[in-house]
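Below is one structure, written out as structure tokens; the observations come after it.
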Amino acid sequence: MAEYTVYHNPRCSKSRMAVQYLEAEGKSFDVVEYLKEIPSAEELDQVLNLLGMEPEELLRKNEADFKENFKGKELSRSEWIEAMRAYPKIIERPIVIKGKKAVVARPTEKIVELD
């Protein structure tokens, strides 16, 4: 079983940097390409709990999908989670998880907070 899990978008430089960092450190990790393998509502809820965040804190508010569909809206936690599933590009990345802890690895050095 891998030590880390990375919610990854290969087109994102910060996400690629997180993967490269874990590789350079010799860490074992699984990659979840969340744009292809959209996490379930339960998975997103669990990730948010590990991060200690509310959904609104994990949104990419400058993303076109967010601006076009959600700017200025107030949604419940479950509605935001469903919005993330419908428009996964609005999820901030990369998310790195180790055990019962998670960070948004922006900057990449935040990964050390998991140790």
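Quick note: the coordinates plus some simple rules give every number you see, no bench work behind them. None of the values given here were measured: they were computed from a predicted structure. Ideal geometry is used to build each Cβ from the backbone, glycine not excepted, and the neighbour counts take in all protein chains shown.
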Checklist line | Label-point gap, in nm, between ARG16 and GLU68 - each point 7 angstrom along Cα→Cβ | finding: 2.5 nm
Notebook entry, point to check: When you count, for each residue, the other Cβ atoms within 10 Å and take the mean per peptide, how do 16-22, 91-97 rank with the highest first?
Noted result: 91-97, 16-22
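Once every DSSP H run of n ≥ 4 in the chain is given -39500 (n - 2.57) and the sum is divided by its residues, what mean residue ellipticity at 222 nm do you get, rounded to the nearest 500 deg cm²/dmol? Walk me through the intermediate numbers first.
Values: 4 runs with 39 residues, N = 115.
Roughly -10000 deg cm²/dmol at 222 nm, from the helical runs in the chain.
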Check: Toward the positive end of the charge dipole of the range 4-114, about the Cα centre and with charges on Cβ (Lys, Arg +1; Asp, Glu -1), which of LEU50, ALA64, CYS12 goes farthest?
Finding: CYS12
Next item on the list: Return a whole-number percent for the relative contact order of the chain, with Cα pairs under 8 Å and 6 or more residues apart as the contact set.
Entry: 35 percent
Notebook entry, point to check: Taking a temperature of 37 °C and a viscosity of 0.692 mPa s, what whole-number D in µm²/s does Stokes-Einstein yield for the range 39-115 with Rh from Kirkwood over alpha carbon pairs?
Noted result: 255 µm²/s
Checklist line | Residue order, fewest to most beta carbons within 10 Å, for SER15, SER78 | finding: SER78, SER15
Check: Based on the Cβ-Cβ distance of MET1 and VAL112, what FRET efficiency does E = 1/(1 + (r/R0)^6) give at R0 = 30 Å, to the nearest 0.05?
Finding: 0.90
Margin query: Lysine pairs in the chain with Cα distance under 22 Å, only those 8 or more apart or on different chains: how many are there?
Written below: 27
Next item on the list: May I ask you to evaluate 6.51 cos²θ - 1.76 cosθ + 1.60, the Karplus curve with θ = phi - 60°, for each residue of the range 21-29 and list the ³J(HN,Hα) values in order in whole Hz, giving x for glycine and proline?
Entry: 4, 4, 4, 5, 7, x, 7, 8, 8
